[in-house]
Amino acid sequence: MSNIIWKIKTFDEFTVPELYAVLKARVDVFIIEQNCPYPDLDNYDQKAVHLWAEENGEVLAYCRIFDKGIKYEETSIGRVLTTEQARGKNLGKQLIQYAVETIENRFHTPEIRISAQDYLLRFYSGFGFEDTGKKYLEDDIPHTEMIRR
């Protein structure tokens, strides 16, 4: 795990190979692995700040970050993933840590709302996210809305 590079970019800063690698990782994890045919390209990428770890051009961990008022009243983090070959190396923890720091530094707020897959509730609570009690199925996967204040 020596050549990992962390990148943070707005949509317009992406190179074409970077964008392709990010979209490929999202399709591999959310559509193929989790077997969810859902519209991953939702026209929100243009409004997001994208944060990811890559090695030799391959995305290992990724999320997108939104300022207040785009997805929720608060800032938010979404499309959180670690690719299959990168799991078990604590990249997910680093990713969320960097995402929280990015929000605090760029958007000057500690408040973040997320839609978490239920099996990750404990993971997110480690970063100060609290269960709002709002639960729902999204693409047949149980989710819970969480907030960090």
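The values are calculated or read from the model by the stated rules, or taken from the named source; none is laboratory data. A quick note: this is a predicted structure, and the numbers were derived from the prediction, not measured. Reconstructed Cβ throughout: ideal geometry from the backbone, glycine too, with neighbour counts over all protein chains shown.
The table below gives the values:
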{"read-out": "In the stretch 75-125, the residues that are over 15 Å from Glu54 (Cα atoms), in contact with a helix residue (DSSP H, G or I) (Cβ under 8 Å, 6 or more places away or on another chain) and among the polar types (S, T, N, Q)", "value": "Thr75, Thr109"}
{"read-out": "Single match in Ala25, Ala48 (criterion: touching a Gly at 6+ places or on another chain (Cβ under 9 Å) and hydrophobic (A, V, I, L, M, F, W, C))", "value": "Ala48"}
{"read-out": "Residue count, the stretch 83-94 (criterion: closer than 16 Å to Leu121 by Cα and crowded, with 19+ Cβ neighbours inside 10 Å)", "value": "1"}
{"read-out": "Condition broken by Leu81, with the remaining ones in (1) within 11 Å of the chain's Cα centre (by Cα); (2) part of a helix (DSSP H, G or I) satisfied", "value": "(2)"}
{"read-out": "Residue within the stretch 122-135 that is under 24 Å from Cys36 (Cα atoms), in contact with a His (Cβ under 8 Å, 6 or more places away or on another chain), aromatic (Phe, Trp, Tyr) and at pLDDT 95 or above present", "value": "no"}
{"read-out": "Residue match in the stretch 65-81 (condition: closer than 23 Å to Ser125 by Cβ, in contact (Cβ under 8 Å) with a residue 24 or more places away in the chain, in contact with a strand residue (DSSP E or B) (Cβ under 7 Å, 6 or more places away or on another chain) and acidic (Asp, Glu))", "value": "yes"}
{"read-out": "Residue satisfying all of: in the stretch 30-54; among the β-branched types (Val, Ile, Thr) and more than 12 Å from the chain's Cα centre (by Cα); surrounded by the fewest Cβ atoms within 10 Å (Cβ to Cβ) among these", "value": "Ile32"}
{"read-out": "Residue match in the stretch 118-127 (condition: closer than 20 Å to Ala25 by Cα and in contact with a Ser or Thr (Cβ under 8 Å, 6 or more places away or on another chain))", "value": "no"}
{"read-out": "Answer from Thr144, Thr109, Thr102 - the residue that is at pLDDT 95 or above, β-branched (Val, Ile, Thr) and either in a loop (DSSP other than H, G, I, E, B) or surrounded by fewer than 16 Cβ atoms within 10 Å (Cβ to Cβ) (or both)", "value": "Thr109"}
